[in-house]
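Working notes, structure below.
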Amino acid sequence: MNRQSRSINLPREFLRECRRTLFEKKVTDSSGMLMTGGSLLMRTLIFRRLLLRNVLSADERFVGLLIPPSGGGILANTAVTLSGRVAVNLNYTVTSDTLNYCIAQCGIRHVLTSRRFMERFDFKLNSELIYLEDFREKVTLADKLVAAIDAYAVPRVILERWLGLHKIRLDDLMTIIYTSGSTGKPKGVMLSYDNVGTNVTGIEDGLELGARDTLCGILPIFHSMGYTIGTWAVLATGVKGAYHFSPLDAKVIGKMCKEHDITIIVSTPTFLRSYLRRCTREEFAKLNLVVTGAEKLPGDLLEAFEAQFNVRPMEGYGTTELSPVVSVNVPPERNGGSGSMERVGTVGRPIAGVQAKIVDHETGKDLPIGESGMLLIKGPNVMQGYFQMPEQTAKVLRDGWYTTGDMALLDREGFIHITGRLSRFSKIGGEMVPHIHVEEILQRIMSDDDEKVAVAVTSVPDERKGERLIVFHLPTGKSTDQILKELTAAGLPNLWIPSPDSFFQVEQIPLLGTGKLDLQAVKELAKAKVAEVAAGKQRSTSS
């Protein structure tokens, strides 16, 4: 890979790419929407005119979006960005309370969505909902004529200046993406144009993306991978995009891959297992790059996927705070003949401009090659900080280095090996699940003594969902069934609720001398308990 990062002005690149593909297919989705570069730009400019005329105030900085991966989601993001506003794609898998927290923190007055989409939810939001369907009747002939002339005829340099794109500075805030984090309170990750732009070019250069490629856009735009790679890597490079609102619809995705000659899928191992069962080799015939993240890629899945579809999934690594891509394995056909860029069992080497180092998680001292410790990342992809959370920001950012919370080691060739996780969250089914939040609710349910640590939540690897929550607790008068009912009543999402067989009663919770949880000891105890249970089941089956 090229070791130098490459900065770009994303909106300018979007205009350039639309002009290059004026009459070529650029964006399509499973509903049948199809846009060439020219029609994508024209519709974006119409949408922008409607927003500025009917919705946005001059002092309105943040705009909320509740739209799944789709042609409409792409148009909404481009229109908001070209309006000079900050797009905040909101997580539609959380509760109304959580959404309203994000809306209040950013001062969001308007949320763009669709009636059809909102029919699936029972959200009560403290913001005005703007339905995309209602825009159709507001479009005038003048809107269409002006947008068509601008999109197809006005010199690009003049159009850029008229839209004010020349005024964009690379360190300007482009988006806020909310992540649950380890405290349970959403944190707004501030990503600049340079954060997102250098991540796009790092992946473009590192994986040799181009006009031959069509990306299957199935990851939610409220996830940084869906925003950076699923959205802006399509808009600002030669890659085409084909979108579907859910990564769970394996049959639809298989059909879409065949219909649109899709070459790239970015997904999680959990979703790949579904495609393995329900998609055919013929549907994935043009697929030549599969990148997975968010969970560890199991070896059996890698082998089965490669055997069935003749393409080996590549494991990568990233976090929302890092825009998100840090590293990725690169298959031989996409490394330009520059030597081995793939190592099974690792998450690859850092992309252009990104540095990784390993430090002792207690002392912060740099560790030598091959020794496991805390993984720190530095580069143009490191976020500006957490929105209105300076203390939380200071905990993870120091001297330009971001503390990932993941344990890892670097080998002599620069490949990153993830060896464990000390941070208080798990990735389950691709979603971030905060241990502390679950722990706090369990503590209230299972103990009357707020001062005594009665519960510890950790996780172990799980082949099906990536990770699985494990709960250790002191003796309690409540049954597991009762505890689970109270967790549900507390409003926890299903993914956050441990399974009935994941509760273990102990006489003592492992603590450090400071009285805090001994996270490493808790994790080791969890591994031992799960292994013990598995061995017992195996003995029972064999007998």
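The values are calculated or read from the model by the stated rules, or taken from the named source; none is laboratory data. Predicted, not measured: the structure shown is a model, and the values here were computed from it. Every residue, glycine as well, gets a Cβ built from its backbone with ideal geometry; the counts of neighbours run over all protein chains shown. Heavy atoms of the whole protein, side chains included, go into the accessibility calculation; ligands, DNA and RNA do not. Shrake-Rupley method; radii C 1.70, N 1.55, O 1.52, S 1.80 Å.
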Practice item. Scan segment 140-161 and report the pairs whose first residue is within 20 Å of residue 53 (Cα to Cα) and of a type in the set (A, V, I, L, M, F, W, C) and whose second residue is assigned to a helix (DSSP H, G or I) and open to solvent by 30 Å² or more (accessible area, probe 1.4 Å), with Cβ atoms within less than 7 Å and a gap of 6+ or a chain change. Key: 147/42; 147/49; 148/42; 151/42
Exercise for review: Taking the options 16, 43, 109, name whichever one is closer than 19 Å to residue 136 by Cα and modelled with pLDDT of 95 or more.
Suggested key: 43
Practice item. Output yes when any residue across segment 399-406 is among the aromatic types (Phe, Trp, Tyr), open to solvent by 10 Å² or more (accessible area, probe 1.4 Å), more than 27 Å from residue 287 (Cβ to Cβ) and part of a loop (DSSP other than H, G, I, E, B), and no when none is. Key: no
Check your understanding: Among the residues of segment 196-209, is there at least one that is crowded, with 24+ Cβ neighbours inside 10 Å and more than 23 Å from residue 4 (Cβ to Cβ)?
Key -> no
Exercise for review: Scan segment 79-96 for residues that are touching a Lys or Arg at 6+ places or on another chain (Cβ under 9 Å), touching a residue at least 60 places away in the same chain (Cβ under 8 Å) and open to solvent by 10 Å² or more (accessible area, probe 1.4 Å) and jot them down.
Suggested key: 84, 92
Check your understanding: Within the bounds of segment 233-251, is there any residue that is in contact with a Lys or Arg (Cβ under 7 Å, 6 or more places away or on another chain) and either of a type in the set (Ser, Thr, Tyr) or open to solvent by 10 Å² or more (accessible area, probe 1.4 Å) (or both)?
Key -> yes
Exercise for review: State whether the residues of segment 106-113 include one that is open to solvent by 10 Å² or more (accessible area, probe 1.4 Å) and either aromatic (Phe, Trp, Tyr) or over 25 Å from residue 14 (Cβ atoms) (or both).
Suggested key: yes
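Suppose the filter is closer than 26 Å to residue 433 by Cβ and open to solvent by less than 60 Å² (accessible area, probe 1.4 Å); does residue 367 pass it? First the steps, then the outcome.
Values: closer than 26 Å to residue 433 by Cβ: no; open to solvent by less than 60 Å² (accessible area, probe 1.4 Å): yes.
No, not satisfied.
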Check your understanding: What pairs can you find where one residue is in segment 247-259 and closer than 13 Å to residue 28 by Cα, the other is acidic (Asp, Glu) and open to solvent by 20 Å² or more (accessible area, probe 1.4 Å), and their Cβ atoms are less than 8 Å apart, with a gap of 6+ or different chains?
Key -> 257/283
Point to revise | Cross-chain or 6+ apart pairs with Cβ under 6 Å, segment 367-385 first and touching a residue at least 60 places away in the same chain (Cβ under 8 Å), then among the charged types (D, E, K, R) and open to solvent by less than 50 Å² (accessible area, probe 1.4 Å) | key: 380/194; 383/321
Practice item. Return the only residue of 469, 474 being open to solvent by less than 30 Å² (accessible area, probe 1.4 Å), within 18 Å of residue 435 (Cβ to Cβ) and out of contact with any strand residue (DSSP E or B) (no Cβ under 6 Å at 6 or more places or on another chain). Key: 474
Exercise for review: With respect to residue 533, determine if the residue is hydrophobic (A, V, I, L, M, F, W, C) and either assigned to a loop (DSSP other than H, G, I, E, B) or surrounded by fewer than 18 Cβ atoms within 10 Å (Cβ to Cβ) (or both).
Suggested key: yes
Check your understanding: Looking only at residues in segment 289-306 that are at pLDDT below 95 and of a type in the set (A, V, I, L, M), which one is farthest from residue 418 (Cα to Cα)?
Key -> 304
Exercise for review: Please go through segment 242-253 and pick out each residue that is part of a helix (DSSP H, G or I) and either polar (S, T, N, Q) or within 25 Å of residue 75 (Cβ to Cβ) (or both).
Suggested key: 252, 253
**Study point:** Leading residue by the ranking (surrounded by the most Cβ atoms within 10 Å (Cβ to Cβ)) among those in segment 254-287 that are modelled with pLDDT of 95 or more and in a helix (DSSP H, G or I)
**Key:** 257
Exercise for review: Exactly one condition in (1) of a type outside the set (Gly, Ala, Ser); (2) part of a strand (DSSP E or B); (3) touching a helix residue (DSSP H, G or I) at 6+ places or on another chain (Cβ under 6 Å) is not met by residue 486; state its number.
Suggested key: (2)
Check your understanding: Which of the residues that make up segment 330-366 are free of Cβ contacts under 8 Å to residues at least 40 places away in the same chain, in contact with a Leu (Cβ under 7 Å, 6 or more places away or on another chain) and part of a loop (DSSP other than H, G, I, E, B)?
Key -> 360
Study note, to complete from the structure: Of (1) open to solvent by less than 10 Å² (accessible area, probe 1.4 Å); (2) at pLDDT below 95; (3) not aromatic (Phe, Trp, Tyr), residue 103 satisfies every one except (2)
Check your understanding: Taking segment 114-133, which residues are loosely packed, with under 13 Cβ neighbours inside 10 Å and assigned to a helix (DSSP H, G or I)?
Key -> 115, 116, 133
Review point. Limited to segment 288-335, what total is found for residues that are over 18 Å from residue 209 (Cα atoms), over 13 Å from the mean Cα position of the chain (by Cα) and either open to solvent by 30 Å² or more (accessible area, probe 1.4 Å) or among the small types (Gly, Ala, Ser) (or both)?
Key: 9
Practice item. State the number of residues belonging to segment 489-513 that are part of a helix (DSSP H, G or I) and more than 21 Å from residue 531 (Cα to Cα). Key: 4
Study note, to complete from the structure: Taking segment 458-475 and keeping only residues that are at pLDDT below 90 and part of a loop (DSSP other than H, G, I, E, B), one is left with 463, 464, 465
Check your understanding: In segment 103-129, how many residues are in contact (Cβ under 8 Å) with a residue 60 or more places away in the chain and more than 24 Å from residue 48 (Cα to Cα)?
Key -> 1
Study note, to complete from the structure: If we keep only residues of segment 448-466 that are over 23 Å from residue 295 (Cα atoms) and without any contact (Cβ under 8 Å) to a residue 60 or more places away in the chain, then the residue surrounded by the most Cβ atoms within 10 Å (Cβ to Cβ) is 455
